[in-house]
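Undergrad: Next up is a structure, given as structure tokens.
The values are calculated or read from the model by the stated rules, or taken from the named source; none is laboratory data. From a predicted model like this one, the values you see are computed outputs, not experimental measurements. Glycine also receives a Cβ, built like all others from the backbone with ideal geometry; neighbour counts cover every protein chain displayed. The area values use the complete protein model at the heavy-atom level, side chains included, leaving out ligands, DNA and RNA. Shrake-Rupley method; radii C 1.70, N 1.55, O 1.52, S 1.80 Å.
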Amino acid sequence: MSEIKNLEEADEAAVLAFFERIPAADRNFFKEDLRDAGAVRAWLRDPRLRRAVAVEEDGSVAGYAALIPGLGWSGHVGELRLVVDPRRRRQGVGRRLAQWAVLEAIRQGLEKLTVEVVAQQEAAVAMFQQLGFAGEALLTDQVRDRDGELRDLLVLAHRVDRNRSLLETLGAAEE
């Protein structure tokens, strides 16, 4: 089982190798170029951002999560970005990283956590719903994949200020 830990400078090479392994079709939906070493270094220097990785026993990265707090009038909201190595999907890595993000949102005093998921990614949507996220918006034809196909984007939200009891039920509150 992989260890969930905060992203550190020592993880830079493993994180870059991880993002190189992610298929181009998946990278199409990233908001930033996650294969850029300069971007990874910038994350490490930004005190507002919270990022975690799932690290395997051999030191390789199996998953990545980012909690990006909002600014100004959205300062109470955080955005979750989550990527799991295709070889490790459906093995609990994504769930554990999402739980880390919810707990980190609580630690940061955020009230709400959002995540954007391509609507066709039914397994990811189901996992987030099991963790207390609920559909908040459906943006029709919001993203275009590498083949030019338009995809719907689902915005899911977790009211961390209201769902503490669900976290306790899931056993995440003790972590």
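Undergrad: Under 10 Å, Cα contacts only: if you run a Gaussian network model on the chain, which one of Phe19, Phe30, Phe133 comes out with the highest mean-square fluctuation?
TA: Sorting by GNM fluctuation, first place goes to Phe30.
Undergrad: May I pose another question? Do you know the relative contact order of the chain, to the nearest whole percent, from alpha carbon pairs under 8 angstrom that are 6+ apart? Mind dumping the intermediate values first?
TA: Working: 296 pairs, mean separation 31.1, N = 175.
It comes to 18 percent, rounded to a whole number.
Undergrad: Per residue, what accessible area does segment 31-79 have, given a 1.4 Å probe and all protein chains present, in Å²? Could you put the intermediate results ahead of the total?
TA: On the way: 2470 Å² over 49 residues.
Computed with neighbouring chains in place, this is 50 Å² per residue.
Undergrad: Okay, moving on. Out of every Cα-Cα pair in segment 1-98, what percent are more than 22 Å apart? Walk me through the numbers before you get to the answer.
TA: On the way: 1196 of 4753 pairs.
When every Cα pair of segment 1-98 is considered, 25 percent fall beyond 22 Å.
Undergrad: Expressed as cubic angstrom per residue, what is the convex hull volume of the alpha carbon set of segment 91-156?
TA: On the way: hull volume 6.4 nm³, N = 66.
Each residue corresponds to 96 Å³ of Cα convex hull volume.
Undergrad: In Å, what is the Rg of the alpha-carbon atoms in segment 77-127, and how long is Dmax?
TA: Rg, Dmax (Cα atoms, Å): 11.5, 34.
Undergrad: Using only C-alpha positions, report the orientation-averaged shadow area of the convex hull of the chain, nm², one decimal.
TA: Working: hull surface 40.4 nm².
Over every viewing direction, the Cα hull of the chain projects on average to 10.1 nm².
Undergrad: At 30 Å minimum axial length over the Cα atoms and a Kyte-Doolittle cut of -1.0, report the qualifying DSSP H helices in the chain, or say none. Display every interim value, and only then the final one.
TA: Details: long enough: none.
Membrane-span-like by this criterion, though nothing is claimed about a membrane: none.
Undergrad: Heavy atoms only, probe 1.4 angstrom, no DNA, RNA or ligands counted: give me Trp43, Trp73 ranked by accessible area, highest first.
TA: Working: Trp43 20, Trp73 235 Å².
So, going from the largest accessible area down, we get Trp73, Trp43.
Undergrad: What residue among Val84, Val53, Val143 has the largest mean-square fluctuation in a Gaussian network model of the chain, using Cα springs under 10 Å?
TA: Among Val84, Val53, Val143, the largest GNM mean-square fluctuation belongs to Val143.
Undergrad: Mind giving me the nanometre distance, one decimal, between the label points for Arg144 and Glu3, set 7 Å out from Cα along Cα→Cβ?
TA: It is 4.4 nm.
Undergrad: While we're here: Cut-off 10 angstrom, C-alpha nodes, Gaussian network model of the chain. Which of Ala134, Ala98, Ala24 fluctuates the most?
TA: Most flexible of the set in this elastic network: Ala24.
Undergrad: Of the accessible area of the chain, with the probe set at 1.4 angstrom, what percent is carbon plus sulfur?
TA: Details: 4330 of 9330 Å².
Summing carbon and sulfur atoms, their accessible area is 46 percent of the total for the chain.
Undergrad: If you keep only loop residues by DSSP, which trypsin sites (Lys or Arg not before Pro) in segment 30-90 have at most 13 other Cβ atoms within 10 Å of their Cβ?
TA: Lys31, Arg48, Arg90
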